[in-house]
Amino acid sequence: MTRRTGLAFGAIAIAVVLVVLGIGIADPEDALAAQRGRGRGGPPAPCGPAGDLSAELGQNVAADSRCFELRMYSADPTRDGVDGFAGGINELHQRFREKEVELFEKHGAEIIAVWQDLGDPARLIWMLAYRDRAHREEVWAAFSADPEWNELRLRLNVPLTASTYMMSAADYSPLK
């Protein structure tokens, strides 16, 4: 087992334990950061052009790759109507329709696509693109601080869990 695989399994184990304890981590990057002994405030994992990556990670990555983020949001139907939570997957789609996509674009992200998972009706999958990892951090900071986002989030409050995958395009990928 490689060190990276071991870290990934460890991150999953931490997330499972926290979920069982009722704490929960909404983003696997948080679990991995916790396992590595640092919070989300630590240095972000690299993403984007081959030149921004280590030799190991950048070996098959395009020199002109953007940083891609695949996010999967699973709405929790068991919490609908409990403790002020409203909605489910339909409300999540409504939030995206009304303003969420527009707000990410306003702050510099490119939305590649948004999908409804046909294998899991409670899951929305979407992909964003940024110039590089630093740009991703800038976009998320601006988005999180946007008063329009806070109003939208409070109005269309959807309890969910998120899985996040950061990617760079392979040197032979048509989408970079």
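The values are calculated or read from the model by the stated rules, or taken from the named source; none is laboratory data. All of these numbers come straight from a predicted model, not from anything done at the bench. Cβ: placed from backbone, ideal geometry, glycine included. Neighbour counts: every protein chain shown.
Quick notes on this one:
- Hey, I111 crowded, with 16+ Cβ neighbours inside 10 Å and either among the hydrophobic types (A, V, I, L, M, F, W, C) or not assigned by TED's automatic domain parsing to the domain that holds A162 (or both) or not: no
- Counting only residues that are over 16 Å from H107 (Cα atoms) and basic (K, R), segment 123-176 holds 4 of them.
- Residue match in segment 141-159 (condition: of a type in the set (D, E, K, R), surrounded by 14 or more Cβ atoms within 10 Å (Cβ to Cβ) and touching a residue at least 60 places away in the same chain (Cβ under 8 Å)): no
- Residue check, E102 within 25 Å of D146 (Cα to Cα) and modelled with pLDDT of 95 or more: yes
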